[in-house]
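So the structure is just underneath, and the comments pick up after that.
The values are calculated or read from the model by the stated rules, or taken from the named source; none is laboratory data. Just so we're clear, the structure is a prediction, and the values are computed from it rather than from any experiment. Accessible surface is based on the protein model in full, side chains and every heavy atom, while ligands, DNA and RNA are left aside. Shrake-Rupley method; radii C 1.70, N 1.55, O 1.52, S 1.80 Å.
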Amino acid sequence: LAEYAPLDFLRQAELKHGRVAMLAWVGWLAPEVTGILPAGDITSAHAWDALAQCDPQGWFQIVGLCGIIEASQWRHESSKTTPFWDPAGVAPKDEKEMARMQLKELKNGRAAMIGIAAAAAAHYIPGSVPGFPFPY
């Protein structure tokens, strides 16, 4: 695959997909455990069913927010400052420590991608993933 795209680009894509998967995993697990907030049309605590019940205006807002984040990140990458977003100031200043933290993020993102894929498989193919749904 690296012969078709630069390795840095592929690494950034993997990091971005990992971050999305980490958010997706939390978004899938939280309503399953805590229930749902009053949200009008959405009546299911199950993430996949709630996605299908989401109003088109809600999807427009979600896609619009993703576009704003992507545009902001593109603007940030052209300025070559690091990090993109660190409101708590926890990003290490040392290059070696920053590389170590990025590797942790990459590994956690990979685990989250596998986790959310397992959740989707368990929903659409019942019994395909041992331990799903969680017996809490």
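Kindly establish whether Ile68 is of a type outside the set (D, E, K, R), modelled with pLDDT of 75 or more, farther than 18 Å from Gly27 by Cα and open to solvent by 80 Å² or more (accessible area, probe 1.4 Å).
Values: of a type outside the set (D, E, K, R): yes; modelled with pLDDT of 75 or more: yes; farther than 18 Å from Gly27 by Cα: yes; open to solvent by 80 Å² or more (accessible area, probe 1.4 Å): yes.
Here the answer is yes, as Ile68 does meet what is asked.
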Inset, instruction - Hey, can you tell me all the residues within the range 23-61 that are modelled with pLDDT of 85 or more and either open to solvent by 60 Å² or more (accessible area, probe 1.4 Å) or of a type in the set (Phe, Trp, Tyr) (or both)? - result: Leu23, Trp25, Val26, Gln57, Phe60, Gln61
